[in-house]
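Participant: What follows is a single structure, and I will ask about it in a moment.
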Amino acid sequence: MLKGKKVVLGVTGSIAAYKMANAASMLRKLHCDVHVILTECAAKFITPITFETLTKNPCLTDTFERQRPVDIHHITLGQTADLLLIAPASADVLGKMAYGIADDLLTSTVVAAACPVLIAPAMNTYMYQNPIVQDNIRRLKQFGYQFIEPAAGRLACDADGIGKLPEEAELVNAVIKTLSEPAKSADCAEDGHNPTDLSGLRILVTAGPTRESLDPVRFITNHSSGKMGYAIAEQAKKRGAEVTLVTGPVNLSVPEGVNEIPITTAEEMYQAVMEQEAAQDMMIKAAAVADYRPKQVNMEKTKKREGRLTIELERTTDILAELGRRKRRDQCICGFSMETEHVLENSRAKLFRKHADMIAANSLRESGAGFGGDTNHLILITKEGEEDLGMRSKEDCANGLLSRLFEIWKKKQEVF
């Protein structure tokens, strides 16, 4: 299955290093050309001769290996491999990789690698959950490194929790999957985005309508289909982001891998968003949230009677304004503005009033840009100016919006 493929296994200092002998053997049985790099600490747990016997290749531990002085190992391995799998990956090595430190053979090979790098962290639960370690993982994901998430269970230190190296079969399956995927071009896509540029970012998207009950039978809502918000969530996930979708009632399937939080009312959406906002890097408010709700909800069905019926309404909480008020300096917020007149003027006023970083404006009056369709015409408004995306599919609009918001986010990180 892996005939003609060259995989470099980077084994670091963890008791889980023993699993990599079986993983190497399993890869070898699939006709894979396996090369192993042991860190100095890893060699305390498992010996080089074990891997040499299983792989039929030298097991390397020293950047300045004297047996083959003409071969610069970290360049040769990094440039000729089809995949570099680092498993188990210790907290120490994750930190070095995250900041480009290349002080041994393994980290030097990572820096020089021209192939995909797959990382399987393994360590004590408290170490894994340490904010510094999590920040290093997030940083590596932003650079396009791929991860195999650790398993949960009983650890060697007698603790129970996340941090276990997955079983050998899972590691091998991840290698097979990565090597069988079509090669991703290093160039940008046609619309200017890199297919993994959002890796590691946490993005919250709201979508769909809300419903405000009048009684057990009737409610106030709007014509939103949720298609624009769902397209944003799907494209953000495809580009590597960790996506949370807070969605009103729609007839759409949640994109694969997206964390769904279903809601019905504006207040439920407010509560769900506020519970999630502190953990997000970007928040995109594409939902059509009710501005008003009935002040009194009848517990029984409202009966028809002669004459007019007057329903008193009260304001709902302004979610976008509250996000703007709470926003940290390193967060980005994008709101939506659907208008029927004075699109640019009203939307720019909303940008400043709600303290948003960007407003995606469109006109209900324009054919193809309203509710329920598969196309949209967005104008992205920021403090610096406007960008007209033109009439495009909602997927293309989503990618254009995400690319522009990502540019704003990157500038904020430089300042922050």
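The values are calculated or read from the model by the stated rules, or taken from the named source; none is laboratory data. This structure is a prediction, so every number in the text was calculated from the model and none was measured. Cβ placement follows ideal geometry from the backbone for every residue including glycine, while neighbour counts extend to all protein chains displayed. Accessible surface is based on the protein model in full, side chains and every heavy atom, while ligands, DNA and RNA are left aside. Shrake-Rupley method; radii C 1.70, N 1.55, O 1.52, S 1.80 Å.
Participant: Segment 271-363: which GluC sites (Glu not before Pro) are DSSP loop and have at most 13 other beta-carbon atoms within 10 angstrom?
Facilitator: When the GluC sites (Glu not before Pro) of segment 271-363 are filtered for loop state and at most 13 Cβ neighbours within 10 Å, Glu300, Glu306, Glu312, Glu341 remain.
Participant: With each run of n ≥ 4 DSSP H residues scored as -39500 (n - 2.57), what mean residue ellipticity at 222 nm is computed for the chain after dividing by its residue count and rounding to the nearest 500 deg cm²/dmol?
Facilitator: Per the formula, -10000 deg cm²/dmol.
Participant: Ignoring ligands, DNA and RNA, what accessible area per residue does the chain give at 1.4 Å, in Å²?
Facilitator: 51
Participant: Over segment 281-416, with every protein chain in place, what whole percent of the accessible area is carbon and sulfur at 1.4 Å, could you tell me?
Facilitator: About 47 percent, which is the carbon plus sulfur part of the accessible surface.
Participant: Leaving out ligands, DNA and RNA but keeping every protein chain, what accessible area does Thr196 have, in Å² rounded to the nearest 10, with a 1.4 Å probe?
Facilitator: Rounded to the nearest 10, that gives 40 Å².
Participant: While we're on this one: Ordered by residue, what ³J(HN,Hα) values in Hz, to whole numbers, does segment 277-291 give under the Karplus form 6.51 cos²θ - 1.76 cosθ + 1.60, where θ = phi - 60° and Gly and Pro are x?
Facilitator: Taking θ as phi minus 60°, the curve returns 4, 5, 8, 9, 8, 9, 10, 10, 9, 9, 6, 9, 8, 4, 7 Hz for segment 277-291.
Participant: Considering only protein heavy atoms and a 1.4 Å probe, what is the carbon-and-sulfur percentage of the accessible area of segment 121-275?
Facilitator: Here it works out to 48 percent.
Participant: Under a point-charge model restricted to the Cβ atoms of Lys and Arg (+1) and Asp and Glu (-1), what is the dipole moment magnitude of the chain relative to its Cα centre, in debye to the nearest 20?
Facilitator: 460
Participant: Give me a comma-separated list of calculated 3J(HN,Hα) values for segment 392-407, in order, Karplus coefficients 6.51, -1.76, 1.60 applied at θ = phi - 60°, integers in Hz, x for any Gly or Pro.
Facilitator: 9, 5, 5, 5, 5, 4, 4, 5, x, 4, 4, 5, 5, 5, 5, 4
Participant: Sequence gap at least 6, Cα distance under 8 Å: using those rules, report the relative contact order of segment 210-263 to the nearest whole percent.
Facilitator: Rounded, it is 31 percent for segment 210-263.
Participant: Which whole number in µm²/s is D for segment 230-299 by Stokes-Einstein, with the Kirkwood Rh taken over Cα pairs at 25 °C and 0.890 mPa s?
Facilitator: In µm²/s, the coefficient rounds to 184.
Participant: Moving on to the next point. Starting at the first residue of segment 368-374, write each ³J(HN,Hα) from the Karplus equation 6.51 cos²θ - 1.76 cosθ + 1.60 with θ = phi - 60°, in whole Hz, x for Gly and Pro.
Facilitator: x, 10, x, 6, x, x, 9
Participant: How far is helix 266-276 tilted off the main Cα axis of the chain, in degrees rounded to 10, range 0 to 90?
Facilitator: Tilt of helix 266-276: around 20 degrees.
Participant: Follow-up. In percent, what relative contact order does segment 104-178 have, based on Cα pairs under 8 Å that are 6 or more apart in sequence?
Facilitator: This gives 31 percent for segment 104-178.
Participant: Between Gly370, Gly208, Gly100, where does the largest GNM mean-square fluctuation fall for the chain, given springs only between Cα atoms within less than 10 Å?
Facilitator: Result: Gly100 has the largest fluctuation of those listed.
Participant: Can you work out the FRET efficiency for the pair Arg138 and Ser180, with r the C-beta to C-beta distance and R0 = 41 Å, to the nearest 0.05?
Facilitator: The pair Arg138/Ser180 has a calculated efficiency of 0.95.
Participant: Hey, if we sort Thr340, Thr265, Thr107 by accessible area with the 1.4 Å probe, largest down, what's the order?
Facilitator: So, going from the largest accessible area down, we get Thr340, Thr265, Thr107.
Participant: Still on this structure: Share of antiparallel DSSP beta bridges in segment 1-153, in percent to the nearest 5?
Facilitator: Of those bridges, close to 0 percent are antiparallel.
Participant: May I ask you to derive the relative contact order of the chain, considering only C-alpha pairs under 8 Å and at least 6 residues apart, and to give it as an integer percent?
Facilitator: Once normalised by length, the contact order is 10 percent.
Participant: Continuing with the same structure: Rounded to the nearest 5, what % of DSSP beta bridges with both residues in the chain are antiparallel?
Facilitator: Counting DSSP beta bridges with both partners in the chain, the antiparallel share is about 30 percent.
Participant: Based on the Cα coordinates of segment 245-387, what is the per residue volume of their convex hull in Å³?
Facilitator: 173
Participant: Right, next: Just one of (1) 5, 22, 30, 25, 14, 5, 1, 0; (2) 5, 24, 33, 26, 11, 1, 0; (3) 4, 19, 25, 19, 16, 10, 5, 2, 0, 0 is P(r) over Cα pairs in 10 Å bins from 0, in percent calculated from these coordinates, so which is it?
Facilitator: (3)
Participant: Going by accessible area, probe 1.4 Å, with all protein chains left in place, what is the ranking of Arg353, Arg28, Arg348, largest first?
Facilitator: Arg353, Arg28, Arg348
Participant: In whole angstrom, how far apart do the alpha carbon centroids of segment 258-300 and segment 315-383 sit?
Facilitator: If we compute the Cα centre of each part, the gap is 16 Å.
Participant: Using only the alpha carbon atoms of segment 1-49, find the Kirkwood hydrodynamic radius as the inverse mean reciprocal pair distance, in angstroms to one decimal.
Facilitator: 11.1
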